[in-house]
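Remarks on the structure that follows.
The values are calculated or read from the model by the stated rules, or taken from the named source; none is laboratory data. This structure is a prediction, so every number in the text was calculated from the model and none was measured. When we count neighbours, we look across all protein chains shown, and the Cβ atoms used for this are built from the backbone with ideal geometry, even at glycine. All accessible areas refer to the heavy atoms of the entire protein, side chains included, with ligands and DNA or RNA removed. Shrake-Rupley method; radii C 1.70, N 1.55, O 1.52, S 1.80 Å.
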Amino acid sequence: MRRQTACYIKDYPRPQMVRKSWSSLNGDWAFRFDDEGRGEKERWYENFQSRRNIRVPFSYETKASGIEEEKAHFCVWYARTFDILPDEIWQKRVLLHFEGCDYRTTVWINGKKAGQHEGGYTRFSIDITDYLADKNEIVVRAEDSFDARQLRGKQRWREESFRCWYVQTTGIWKTVWMEIVNEVHITSLKLTPMPKDKRLGIDLEIEGEKAYENVRAKAEISFEGRLITAVDFPVRRYHTAAVVDVTEISEDTELDGIHYWSADRPNLYDIEISLFRKDGLCDQVASYFGMREIVVCQGNILLNGEPLYQRLILDQGYWKETGLTPPDEDAIIEDIRKTKELGFNGARKHQKIEDERYYYWCDVLGLLVWCEIPSAYCFEAGEIRNYMRELAEIVEQHYSHPSILVWTAFNESWGINEIRTNTRQQHFAEAAYHTIKALDGTRLVLANDGWEHTVSDIITLHDYEEDAHAFSERYEWNREEILDSRLFPNLQKPVFAQNYRYTGQPVMISEFGGIAFQNGQPGWGYGNKVKNADEFVKRYKDIVRAVGRLQWACGYCYTQLTDVQQEINGLMDEERNFKINPRVIRAINEERYNSRIQNGCGSGESEERE
């Protein structure tokens, strides 16, 4: 099985739109705290002076940054120099990309303000061509806060960590890089699989003076080195779209001529998009896509028309010495491989928008992903504005990854704490659901994970009951009462908010477990801590079996993959060491408890196809 795409470049930060002319700006930057807010008044962007360095892209709170100070500093500055030869950029544009900088970012090039961005979890790009000189300096100001209206995810908004909220992440925390492009160039590429029609939708956004005049595009699609199709289409305006047939008749394809993407067969097609004008090639990007379809049918979840039972692990994406930032690309691959080694076929990436290379390797290695919008925690107009802006950016930037099957808009009513009865908060949840559906019609959307659902493609339940017998008694015989919100199984929270009801959606137990060891280590898990490995395995087996025997559930998500700071309920510790032999956990996860698995989610015919 192929382990990477044709467009793959190690450490390339945007693997779904690859150009060869790029350079990383990660490494040592000059760095200053600005607790008194003096920087702009004193024009640090013109004469930046600092005796301290930081290692980008790690936030100052982490050990890997070289600073490791957890105290909140709400304004930080960065600076570094770079060289670009004049011949390199003759009649070209230079784009500066920040994959993630939390939260409010301003960028100066050679003392002149070049751009700004608000939001901590999304990429932003600045054309810096007009600010360049023979010697160049970038200065970055990042402003953060404990404002609960910001999308924070698991970042604390107090001086000390508490419950399941951890040390904040301030400033640059993802890769900073540059690329050189021609004046007319592609700024956005969206690829939409259409398996039923055996076609691929291609959407391009193009920038440049008169970019739509005398420009045509060419798409070449191949699979494992074999050319499938090559098509030309005109660029009529700044946005253009085409639909391409991808049928291939060979011994390797399914009967209908498609190489489907799934967890056990992560087939990926390669695609190269070229732009031409009269004077020749003006841009070329390489990418890839997977042909897959995820739908709901009669209370079941179908992937490529086959019933799908999801065995997910909750993954918060923290590392001991680097926080939210992966140490390197190999660390990303290791997490995915270990997730699969434990017998899970997917991950619920919890309250974080991951490094895009994570989604790339999930595409390549075959791991299903639930992508969750990080929460804000104070319902008012400011939260709504911040949320809807970042929501649109997140969905559009990660649209083409085949591994992402589900968008989760909210978790456990965080930021919409009164949604059970508050109609404004219910409208907010509905607006998020419908906005995602408008932006992306290819995936399922979960409006509020855990309880108090409004509109939603999936109904999910969170329950950390540690006693498997009690869990079974609660759920096996009370399905109607629970789904009708007449019985509140967990924390007195009903499954549905007022004025909403169950309409036949698939149901999953999307948080449970959370077992921690009683080993003298400070920190917590859910329920009583276990004394040894035997106790852990017994409790894990009993509760997974209890969940797996629910004939009306289409899957589960166990909490969690790794320990995170004060939360020590991972199957691995913070250094990624297994606490229990992974073969034991895998055997438990892969047992067939549920006739929905054996009989095709109630169909009585087909086997599960992961």
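Numbers below:
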{"quantity": "Sole exception among (1) open to solvent by less than 40 Å² (accessible area, probe 1.4 Å); (2) within 30 Å of PHE428 (Cα to Cα); (3) not in a helix (DSSP H, G or I) for TYR500, by number", "calculated": "(1)"}
{"quantity": "All positions within segment 461-497 that are assigned to a strand (DSSP E or B) and either without any contact (Cβ under 8 Å) to a residue 12 or more places away in the chain or over 19 Å from ALA429 (Cα atoms) (or both)", "calculated": "ASN490"}
{"quantity": "Residues (open to solvent by 10 Å² or more (accessible area, probe 1.4 Å) and more than 18 Å from TYR12 (Cα to Cα)) located in segment 90-107", "calculated": "TRP90, GLN91, LYS92, ARG93, ARG104, THR106"}
{"quantity": "Filter pass, THR81 being among the β-branched types (Val, Ile, Thr) and either within 18 Å of GLN168 (Cβ to Cβ) or touching a His at 6+ places or on another chain (Cβ under 7 Å) (or both)", "calculated": "no"}
{"quantity": "Some residue of segment 283-295 being out of contact with any Ser or Thr (no Cβ under 9 Å at 6 or more places or on another chain) and of a type in the set (Gly, Ala, Ser)", "calculated": "no"}
{"quantity": "Entirely in segment 528-610, the helices (runs of 4 or more DSSP H) that have 1 or more residues that are at pLDDT 95 or above", "calculated": "533-548, 582-589"}
{"quantity": "Residue count for segment 408-441, restricted to those that are within 18 Å of HIS462 (Cβ to Cβ) and open to solvent by less than 40 Å² (accessible area, probe 1.4 Å)", "calculated": "11"}
{"quantity": "Residues of segment 265-284 satisfying the condition of being over 26 Å from the mean Cα position of the chain (by Cα), touching a residue at least 12 places away in the same chain (Cβ under 8 Å) and not in a strand (DSSP E or B)", "calculated": "LYS278"}
{"quantity": "Some residue of segment 131-140 being part of a loop (DSSP other than H, G, I, E, B), of a type in the set (Lys, Arg) and open to solvent by 10 Å² or more (accessible area, probe 1.4 Å)", "calculated": "yes"}
{"quantity": "Candidate set from segment 113-123 (those that are assigned to a strand (DSSP E or B) and touching a residue at least 60 places away in the same chain (Cβ under 8 Å)); member that is most open to solvent (accessible area, probe 1.4 Å)", "calculated": "LYS113"}
{"quantity": "Wholly within segment 286-404, helices (runs of 4 or more DSSP H) carrying at least 1 residues that are under 12 Å from the mean Cα position of the chain (by Cα), at pLDDT 95 or above and surrounded by fewer than 19 Cβ atoms within 10 Å (Cβ to Cβ)", "calculated": "381-397"}
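Quick grid of which residues meet (1) free of Cβ contacts under 8 Å to residues at least 60 places away in the same chain; (2) among the acidic types (Asp, Glu); (3) buried (at least 23 other Cβ atoms within 10 Å of the Cβ):
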site: LEU550; (1), (2), (3): no, no, no
site: CYS554; (1), (2), (3): no, no, yes
site: GLY570; (1), (2), (3): yes, no, yes
site: ASP573; (1), (2), (3): yes, yes, no
site: ARG576; (1), (2), (3): no, no, no
site: ILE580; (1), (2), (3): yes, no, no
